[in-house]
Amino acid sequence: MAPPPLLALRDVRLTFGGKPLFEGVTTWVAKGDKTCLVGRNGSGKSTLLKVLAGEIAPDSGERFVQPGARIAVLPQDPIIIAPTVADYVAQGLLPDERDQMFRVDAVLDAVGIDGSRDPVALSGGEGRRAALARALVGQPDALLLDEPTNHLDLPTILWLEEWLKSYGGALVVISHDRRFLDNVSKQTLWLERGLVRRAEWGFSRFPQWQEEVYAAEEAELARMNTHLRQELHWLSRGVTARRKRNMGRRRALDVLRKERAETKTALLNSARQAALAAESGEISGRLVIEAKDVGKRFGDKLICEGFSTRILRGDRVGLIGPNGAGKTTILKMLTGELEPDSGLVRLGTNLEAAYFDQRRAALDPELSVWDTLTDGRGDNVWVRGRPQHVVGYMKDFLFSEAQARTPVKALSGGERNRLLLAKLLAKPSNLLILDEPTNDLDMDTLDLLEEVLADYDGTLLVVSHDRDFLDRLVTSVIAVEGDGEVMEYAGGYSDYLNQRPTKDDKAAPRPAPKPQAQPKPQSPRNRLSYNEARELDQLPGKMEALSAEIARLEADLADPALYSRDPAKFQKFAARVDAARAELESAEERWLELEAKREEAAGK
């Protein structure tokens, strides 16, 4: 026998701005249920969660809560007001439990936050962990979590997964993190087009279920099309002779037309996705970034020591690690924004970087969507070298025309991220630097972002805690583990897990080295010859000269009057710039070859 519901909605309807957000919603959550609530950005997931929590009253319908049940909520954007973090977390206890501060200490220890800290000084990830601790501390009967993994690092996400798996109460969770939902959920609520569908299986089956629903709707549309053609044929032949007797059938035809139009519109809306596309800039050199024996520390905190990597054109590199371990510092050193204390970082030639900042600092909250995309100049956005009307470009990113003059501060978190992506992806670049780009994006937009980045012919550096996103996208992972431990692993996140040494491996004493015979002198074949060593010394200057020549030629070719003034000169410059680019790429590849040989000879 199924347990009685802890929370339930019956025939709930809610309007927003005069339009129904959802209606006829009947669903429930029982003890032991672990339900994921999925749907597109803007479909009303967070609002439905607030109705379940009792924070928003529906226009009609009923909400049921089992008497005495304790419900805890983690909002998408928690507001933390308290003297200390511990005081804030203690707000999750009942008044007669406030003497049980050991529970506050225990949950704060689990999420890794010092309870004596001032909430004002918390970062986004720390604030999310504090809010999570507040929701968990009261040992609630039902947990309603809105994007709990946003801004959390991987260790905290993994801890939360294990905690929720053993949690015996009722859970409803909204998240874009597929791996998290796969591991936690047992039921699925799908909110789309104002309706809620329920399935007694977890998120892992949702993509297949979604395709089955869409296929059934397409089949229904085809059936309605056939019926409509038959009715139109009858109408053209018989309505004149049988007008009075058949006006009922005429009215039925009008109803059929309306139903068909609604079904078709619904299908189109379901299929509508953000038309993302990354604008590639000039081709960079083959070598994009090289770091050799890099070291960095801040006071007593060691970020890295002896770290080396070589990133080539087209590589897709993910940076992972706990919050505060130094991912941002590593990223800044790799991109030349921050000097290392020791070692060398060398950037390749002809780099055009575009940067996605998770704090969305590039967005002015007071500007409208229109002015943000056009930089306040006219009504066009330059995309792939061509002007595109701003409204059309907005629609590519799922913004409506009515939102054109909406200020950025009025947008949801997901909408702001889409706007920042729209601004970023219109800019020509050959190096994309993305800092937590997946926060607040719905899964359909995530899928398209992955496709765009997979097709991007430049180089990608991405900081992310989304394991599924990393597995689908990156070619290598730089793991910043903390205490100066930084290592690079081939493949995605799952490959990193398989390759990284375990704690036992790290703790095990190293065996004493066996006596070895003295190595024989290295064969001269493995050393650089005099000419090769001289060539290696000269190549950096040659590459710089070629880069400068290419820049001058490109500036000349950018003159719109050159071709009409001197076509022969234009052709000469165009041919030379192509040849110089080829020479530069050949020089870079030769430099890499000789440098690798030199390192091998040196025993590095």
If we sort 421-427, 295-301 on the protection proxy, mean other Cβ atoms within 10 Å, highest first, what's the order? 421-427, 295-301
What spacing in nm lies between the two simple spin-label points modelled at ARG576 and LYS19, each 7 Å away from Cα in the Cβ direction? 5.8 nm
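If you stretched the chain out fully between GLU532 and LYS186, how much longer would it get, using 0.36 nm times the residue separation minus the C-alpha to C-alpha distance? Write down the numbers at each step before the final one.
Details: separation 346, 0.36 × 346 = 124.56 nm, distance 6.31 nm.
Computed gain between GLU532 and LYS186 is 118.3 nm.
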Ranked highest first by average number of other Cβ atoms within 10 Å, how do 150-160, 447-457 line up? 150-160, 447-457
ALA121 and ASN380 label points (each 7 Å along its Cα→Cβ direction) are spaced in nm at 5.2 nm
Between segment 308-360 and segment 560-604, what's the alpha-carbon centroid distance in Å? 25 Å
At what distance in nm do the modelled label points of GLU339 and MET101 sit from each other, each positioned 7 Å from its Cα along Cα→Cβ? 4.7 nm
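Stretched out fully, how many nm does the piece from ARG10 to THR406 gain, at 0.36 nm a residue minus the Cα gap? Please list the in-between numbers first.
Values: separation 396, 0.36 × 396 = 142.56 nm, distance 3.45 nm.
Length difference between fully extended and current span is 139.1 nm.
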Under 5 Å between amide hydrogens, which residues at least 5 positions from SER429 or on another chain qualify, with H placed 1.01 Å from N in the peptide plane? SER280, GLY281
Expected unfolding gain across ASP483-SER166 under the 0.36 nm per residue rule, minus the alpha-carbon gap, is 111.0 nm
Gap in Å between the Cα centre of segment 35-59 and the Cα centre of segment 411-455? 25 Å
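How big is the Kirkwood radius of segment 5-206, worked out from every pair of different alpha carbons and given in Å to one decimal? Write out the running numbers ahead of the final one.
Numbers: mean 1/r = 0.0575 Å⁻¹.
After inverting the mean inverse Cα-Cα distance, the result is 17.4 Å.
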Loop trypsin sites (Lys or Arg not before Pro), segment 61-143, which have at most 13 other Cβ atoms in a 10 Å radius of their Cβ (DSSP): ARG98
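Using the C-alpha atoms of segment 350-501, what convex hull volume per residue, in cubic angstrom, is computed?
Details: hull volume 19.5 nm³, N = 152.
Dividing the Cα hull volume of segment 350-501 by its residues yields 128 Å³.
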Suppose we keep just the alpha-carbon trace of segment 441-485; what are its Rg and Dmax in angstrom? 12.3, 37
Which three semi-axes in whole Å describe the equivalent ellipsoid of segment 459-498, each the square root of 5 times a Cα gyration tensor eigenvalue, listed largest first? 16, 11, 10
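Computed from the coordinates by the stated procedures, all read-outs in this text should not be read as laboratory data. Not measured: the values here are computed from a predicted model. Neighbour counts are summed over all protein chains in view; Cβ atoms, including those assigned to glycine, are modelled from backbone coordinates with ideal geometry.
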